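J.: Sharing a structure with you now.
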Amino acid sequence: MKVTKHIVLASLALVLVAAPLRAESVWSLSENQLEQVETQEVRIYVNGSNVRVTGAAKQTMYVYSVTGECVATYRIDGEDKTIALSQPKGVYIIKVGKVARKISLR
């Protein structure tokens, strides 16, 4: 019975010591890490000249040429939006929020 008490007390002490460490590690995320978590939700898919954007409601999609000129802007009004680009064939940069992707229109 004496051994059981010691095991229970040791286990309780371990839980009390370890619990604050776990909580501390959750709250020690930097702002950059939090931003990365938020931006991971935005996804950009390309099929021919159609661009599908998910997870970017109420944001703006910018289309840049390889020279850096903004050639088009589109408002993303829902969680899942498909846009038919009317740009000529070539390579472009699509930017939605903090997510950017190089695409090739064929």
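J.: Does the range 76-97 hold any residues that are over 11 Å from Y64 (Cβ atoms) and assigned to a loop (DSSP other than H, G, I, E, B), and which are they? Talk me through it step by step, then tell me what you get.
T.: Of the range 76-97, the ones over 11 Å from Y64 (Cβ atoms) are 76-86, 88-90, 96-97.
Result: D77, G78, E79, L85, S86, P88, K89, G97.
J.: Consider E38 against the criteria (1) modelled with pLDDT of 60 or more; (2) surrounded by 10 or more Cβ atoms within 10 Å (Cβ to Cβ): it satisfies all of them except one. Which criterion is unmet?
T.: Of the numbered conditions (1) modelled with pLDDT of 60 or more; (2) surrounded by 10 or more Cβ atoms within 10 Å (Cβ to Cβ), the odd one out for E38 is (1).
J.: Inside the range 53-68, can you point out the residues that are under 14 Å from E41 (Cα atoms) and assigned to a loop (DSSP other than H, G, I, E, B)?
T.: Restricting attention to the range 53-68, the residues satisfying the condition of being under 14 Å from E41 (Cα atoms) are 53-59.
Selection gives G55, A56, A57, K58.
J.: Right, another one. If the requirement is being part of a strand (DSSP E or B), touching a residue at least 40 places away in the same chain (Cβ under 8 Å) and assigned by TED's automatic domain parsing to the domain that holds V96, which of these qualifies: V71, V46?
T.: One residue alone meets the criteria, V46.
J.: Would it be correct to say that V63 is surrounded by 11 or more Cβ atoms within 10 Å (Cβ to Cβ) and in contact (Cβ under 8 Å) with a residue 24 or more places away in the chain?
T.: On the way: surrounded by 11 or more Cβ atoms within 10 Å (Cβ to Cβ): yes; in contact (Cβ under 8 Å) with a residue 24 or more places away in the chain: yes.
Against the criterion (surrounded by 11 or more Cβ atoms within 10 Å (Cβ to Cβ) and in contact (Cβ under 8 Å) with a residue 24 or more places away in the chain), V63 qualifies.
J.: Taking the condition of being among the small types (G, A, S) and surrounded by 11 or more Cβ atoms within 10 Å (Cβ to Cβ), how many residues in the range 79-106 meet it?
T.: Residues of the range 79-106 among the small types (G, A, S): 84, 86, 90, 97, 100, 104.
Applying the additional criterion that residues be surrounded by 11 or more Cβ atoms within 10 Å (Cβ to Cβ) yields 90, 97, 100.
Summing the residues that are among the small types (G, A, S) and surrounded by 11 or more Cβ atoms within 10 Å (Cβ to Cβ) in the range 79-106 gives 3.
The values are calculated or read from the model by the stated rules, or taken from the named source; none is laboratory data. What you see is a predicted model, and the numbers here were worked out from it, not measured in a lab. All Cβ positions, even for glycine, are placed from backbone atoms using ideal geometry, and neighbour counts span all protein chains on display.
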